[in-house]
Amino acid sequence: MSRMVAAIMTDIASLLLLFDTYCAATGRAEATVSTRVLSDGKRIRKLREGADIGTRRLAEAVEWFSANWPAGAEWPAAIRRPTHTSEAAE
């Protein structure tokens, strides 16, 4: 496995961890969050099944989570949180 493929798989794993943590903290359904973050309610399920995601879209998703992270919920320590985020609407 190339380093690039391994890095992308790690990034997808990080995104899935953000989804899981956010859904647990907010009580929102995964499909609802997938729609808000990726504009596709089935996209997160497809990623879990092995689909790919572009680096720009992945970065935008991480920024969305950072901008919309629930108060009182702990950001996963294994994931570097963006220092500044774009304007994201929930």
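The values are calculated or read from the model by the stated rules, or taken from the named source; none is laboratory data. All of these numbers come straight from a predicted model, not from anything done at the bench. FYI the Cβ positions are ideal-geometry reconstructions off the backbone, even for glycines, and counts take in every protein chain you see.
Brief remarks follow.
- Qualifying residue in region 70-87 (condition: part of a helix (DSSP H, G or I), more than 11 Å from the chain's Cα centre (by Cα) and touching a residue at least 12 places away in the same chain (Cβ under 8 Å)): no
- When residues of region 58-74 are limited to those that are modelled with pLDDT under 95 and charged (D, E, K, R), the one farthest from residue 25 (Cα to Cα): 60
- Within region 11-48, if we keep just the residues that are more than 19 Å from residue 69 (Cβ to Cβ) and of a type in the set (A, V, I, L, M, F, W, C), the residue that is modelled with the lowest pLDDT turns out to be 12.
- For region 47-58, the candidate set comprises residues that are within 14 Å of residue 17 (Cα to Cα) and either hydroxyl-bearing (Ser, Thr, Tyr) or under 11 Å from the mean Cα position of the chain (by Cα) (or both); within that set, the residue that is surrounded by the most Cβ atoms within 10 Å (Cβ to Cβ) is 47.
- Beta carbons closer than 7 Å, at least 6 apart along the sequence or on distinct chains, pair a first residue in region 40-51 that is at negative phi and among the β-branched types (Val, Ile, Thr) with a second that is assigned to a helix (DSSP H, G or I) and surrounded by 14 or more Cβ atoms within 10 Å (Cβ to Cβ) for 44/19; 44/30; 44/34; 44/38.
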